[in-house]
1. Students often check this: by mean Cβ neighbours within 10 Å, which of 82-90, 11-19 ranks highest, and how do the rest follow?
2. What are the ³J(HN,Hα) values, in whole Hz, obtained from phi via the Karplus relation 6.51 cos²θ - 1.76 cosθ + 1.60 with θ = phi - 60°, for each residue of the range 61-68 in sequence order, with x given for Gly and Pro?
3. If you project the alpha carbons of the chain onto their three principal axes, what span does each projection cover, largest first, in Å?
4. In whole percent, how big is the carbon plus sulfur part of the accessible area of the chain, probe 1.4 Å, protein atoms only?
5. Cβ neighbours within 10 Å, averaged per peptide: list 60-66, 46-52, 102-108 in order, most packed at the top.
6. From the helices alone, meaning DSSP H stretches of at least four residues, give me the mean residue ellipticity at 222 nm for the chain, per-run term -39500 (n - 2.57), in deg cm²/dmol to the nearest 500.
7. Mind checking the per residue accessible area of the chain for me, 1.4 Å probe, whole number of Å²?
8. Can you pull the three principal axis extents for the Cα set of the range 1-70, in Å, largest first?
Amino acid sequence: MDDLTQRRKLLSALAHGAIFFSYTFIAIGIPIAILVISDDQVVKDNAKESLNFHFNIYIYAAIFFLLTFVLIGIPLLVLLGVAIFVMPIIAIVHSVSNPNKPYRYPFIYRLLKWNAV
């Protein structure tokens, strides 16, 4: 049981922390790989939530970049940069401290649906 909990913590934290890798295909590839290889539903839910966060960040960045031409996008891009750094850290801490419950990012649209445990 303890080994399962440790594995769940590690894979969930890795899924959320993948955004810190600099290359986009690696940052998205890690949660996809975890989603495919894991048979644990909580880990799969964390990987789906991480992918949803990635997709939302890219959509927000594109919209905010377009808004830079009207000068409101610059502070929004700064705020987005802070969110990209802070939100995954909160998700990692939650995944490690509460491994039996998947983390849900606030204020994102969920393209990939998941089952709540």
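1. 11-19, 82-90
2. 4, 5, 5, 5, 5, 5, 6, 5
3. Ordered largest first, the chain gives principal extents of 55, 26, 24 Å.
4. For the chain, the apolar C and S fraction of the accessible surface comes to 73 percent.
5. Averaged packing, sorted descending, gives the order 46-52, 102-108, 60-66.
6. -24000 deg cm²/dmol
7. Here the per-residue accessible area is 60 Å².
8. 55, 19, 17
The values are calculated or read from the model by the stated rules, or taken from the named source; none is laboratory data. Just so it is clear, the structure is predicted and the values come from calculations on it, not from any experiment. Note that each Cβ is placed from the backbone with ideal geometry, even for glycine, and that neighbours are counted across all protein chains shown. For the accessible areas, the whole protein counts, side chains as well, though only heavy atoms, and no ligand, DNA or RNA atoms are used. Shrake-Rupley method; radii C 1.70, N 1.55, O 1.52, S 1.80 Å.
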